[in-house]
Amino acid sequence: MTAMLNVKDLRAYYGQVQALHGLSFSLNEGSLTTLLGANGAGKTTTLRAICNMVRSTGAIEFEGKPLSGQSTENVVRLGIAHVPQGRGTFTTMTVEENLQLGAITRNDKKGVVADIERMYEHFPVLKERHTQQAGTLSGGEQQMLAVARALMLRPRLMLLDEPSFGLAPLIVRELFNILGKINREDKVTILVVEQNAQLALELADKAYVIETGRIVMSGSAAEIANNEDVRKSYLGY
Amino acid sequence: MSAVEEVTSEAPAVEAVPKRAMTLGYGTSLVVLGLLIIAPMFLKNFFVFQMTMLLIYALAVLALNILTGGSGQFSLGQSAFYAVGAYTSAILMEHMGVNYALTLPIAGIICFGFGFLFGQPALRLSGIYLALATFALAVAMPQLLKLGFFEHWTGGVQGLVVTKPDAPFGLPISQDRWLYYFTLVIAIGIYIASVNLLRSRSGRAFMAIRDNEIAASAMGVDVALYKTLAFGVSAGITGVAGGLGAIAVQFVAPDGYTITLAISLFLGMVVGGVGWLPGSIVGSAFIIFVPNIAEHISKGLSGAVFGVLLFLVIFLVPHGARQVAIVAQQLIGKLKK
């Protein structure tokens, strides 16, 4: 398997504060990888650095092309969808308009219409509510909308920032099942940042653990799940 | 899965304001249009002039509505764009003898460029900071227009007198009526174009930025481009309104375009309903007629009376004319049943 995304010595800064201290990792094509870590470890920053939303140094390559210096919208156009923390719902627009916005970089109208239907199959609750103002959806529905909207880009790689945040356990499980299905059936490579380590490790094939801006552990999801330290700090048993 | 579905399907479905609701219904639009066409035939010239100003300010409010209601950027500097449009028209007409109708697209284009350029530094600002930066622009503009350097063109403090155009083709209507219908045609054209703009892909990009800038850029929206574009479009329309205003008032002077005008336009937008384009004309009516009404109630305290009236409007209908329209629509719907 070839590496789809290669990150080398990534350092990111918020003004004077350095948030990442030389992060290196890679994602294989078709994989589902999770990035675990406590609050403030730099998980969100890593995703933002890939999309060039924060100032960073180091080398990031996507399918052999360097991403540094590219604007966020150009990174997105290469096929990297980012589901931001807090879902980023366009609250005053309808569910369907949100989905159309996900496809704003695409020019094939018919394909967009077909993809919206496909999203409604993945997420039946969105079809039920397609004329409803997106801000009035529940947290779980908004998270599904955010995932569906990101898929409207027809991404090759999807970055998810804490999709389980603030959701009921049942909904999280449903969402993760759908993510697994998207990964297997639509061949979308997924990088998911999570605090809910248990579920993320069940779903993923590979995992990285980061602490204060550095990768401290990496391996297959099973290995990480069985690691004594990880179990103590993140899984709580 | 099934359990989740059961729970969610029981929740009451709240319908969003559909896209159509950004405009008026077909029937209502025709009624309003009919009134705007017929009313001036029965009015005295002075009232026709006031209706012309109503349309002109409505255009300026509409322009601000595209910027704030559409892309979510504040501006207290619309008076500066209005002034540039007014002076462009006045200078072209009086110094270069350009036909009044031709000066308007030129004013629009110049203001579009001006707004687009101003939008570049404004990119780094948002919310209250952007309001302050535009405020500075509005404060600076009258003084810039007074500069001795431009005096040959602008007439300095004295300003410029503009000749009122006659009705063409020997039409037997007064200058005021002709100018009214001329303005009406332009206003309708710009209104239709604006509605279509907000429904287009660009409009969707504007609204995405307004709702959530980070998510918009994560969807591949070129945030910088669309934000400056919104500024450009807004300034361009304001410039056309300014040009029309110069022709209607027959006079441009620096002190006609102070921060007070910018605040009035802002008021007009809020009273009309932020993001609701047809509200622009209601907002315009508010800023033109309510000060007059206030003066009728009390000459010495007209400002205070205006304040009280404004307070009442904001308190009773915080979403402006849009809210009134929605309530009215629901009432009509109930009566029909």
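Every number in this text was worked out from the coordinates using simple rules, so none of it is lab data. Keep in mind that this is a model prediction, so the values were computed, not measured. For neighbour counting, all protein chains shown are included, and Cβ atoms are generated from backbone atoms with ideal geometry for every residue, glycine included.
Miscellaneous remarks
- Separation between Cα centres of region B:128-155 and region B:233-300, rounded to whole Å: 18 Å
- Extents of the protein assembly as shown, largest first, come to 90, 65, 47 Å (Cα atoms, principal axes, whole angstrom).
- If you take all other residues with their beta carbon under 15 Å from the beta carbon of A:Gly15, and give Lys and Arg +1 and Asp and Glu -1, the sum is +4.
- Neighbour counts of C-beta atoms inside 10 Å place B:Trp178, B:Trp153, B:Trp276 in the sequence B:Trp153, B:Trp178, B:Trp276, starting with the fewest.
- Per-residue extension of 0.36 nm, minus the Cα-Cα distance of B:Met96 and B:Asn196, leaves a gain of 32.5 nm for this segment.
- Relative exposure of B:Tyr87, B:Tyr181, judged by other C-beta atoms within 10 Å (fewest first): B:Tyr181, B:Tyr87
- Rounded to the nearest 10 degrees, the inclination of helix A:139-151 to the longest alpha-carbon principal axis of chain A is 90 degrees.
- For region B:118-166, convex hull volume per residue from C-alpha positions, Å³: 130 Å³
- Shielding by partners - mean other protein chain Cβ count within 10 Å, residues of A:81-94: 5
- Rounded to 10°, Cα long-axis angle of helix B:302-316 versus longest principal axis of chain B: 20 degrees
- Debye equation applied to the C-alpha atoms of region A:49-143, log10 I(q)/I(0) at 0.12, 0.13, 0.19, 0.20 Å⁻¹: -0.49, -0.56, -0.97, -1.02
- FRET efficiency for B:Leu35 and B:Thr258, using Cβ-Cβ distance with R0 set to 35 Å, rounded to 0.05: 0.60
- The mean sequence separation of alpha-carbon pairs under 8 Å and at least six residues apart, normalised by the residue count of chain B, gives a relative contact order of 31 percent.
- Structural descriptor for chain A: relative contact order 27 percent, calculated from alpha carbon pairs under 8 angstrom and at least 6 residues apart.
- DSSP-defined beta bridges in chain A - what % are antiparallel, rounded to 5: 60 percent
- Among B:Gly320, B:Gly72, B:Gly27, residue whose mean-square fluctuation peaks in a GNM of chain B (springs only between Cα atoms under 10 Å): B:Gly27
- Electrostatic dipole magnitude of the protein assembly as shown [Cβ: Lys, Arg +1; Asp, Glu -1; Cα centre; debye, to 20]: 780 debye
- On the beta carbon distance between A:Val17 and B:Phe251, with R0 = 56 Å, the FRET formula returns roughly 0.50.
- Per residue of A:122-128, other chain Cβ atoms within 10 Å of the residue Cβ number 2 on average.
- Pair-distance distribution of chain B: all C-alpha pairs, bin width 10 Å, starting at 0; shares per bin in whole percent are 6, 23, 32, 24, 10, 3, 1, 0.
- Dividing the alpha-carbon radius of gyration of region B:120-230 by the rule-of-thumb value 2.2 N^0.38 Å gives 1.58.
- Bridge type composition, region A:130-237 - antiparallel percent by DSSP, nearest 5: 55 percent
- Residues B:Ser89, B:Ser264, B:Ser71 arranged by fewest to most Cβ contacts within 10 Å: B:Ser264, B:Ser71, B:Ser89
- Dimensionless Rg ratio for region A:113-237, taking C-alpha atoms and the 2.2 N^0.38 Å reference: 1.15
- Inter-chain Cβ neighbour count for B:219-228, averaged per residue, equals 6 (cutoff 10 Å, partner chain atoms only).
- Based on Cα contacts under 8 Å between residues 6+ apart, region B:221-337 shows a relative contact order of 20 percent.
- Summarised as an ellipsoid, chain A has semi-axes of 28, 21, 16 Å, derived from the eigenvalues of the Cα gyration tensor scaled by 5 and square-rooted, with the largest first.
- Descending Cα extents along the principal axes, region B:12-150, whole Å: 60, 46, 22
- Rounded to the nearest 5, the antiparallel percentage of DSSP beta bridges internal to the protein assembly as shown is 60%.
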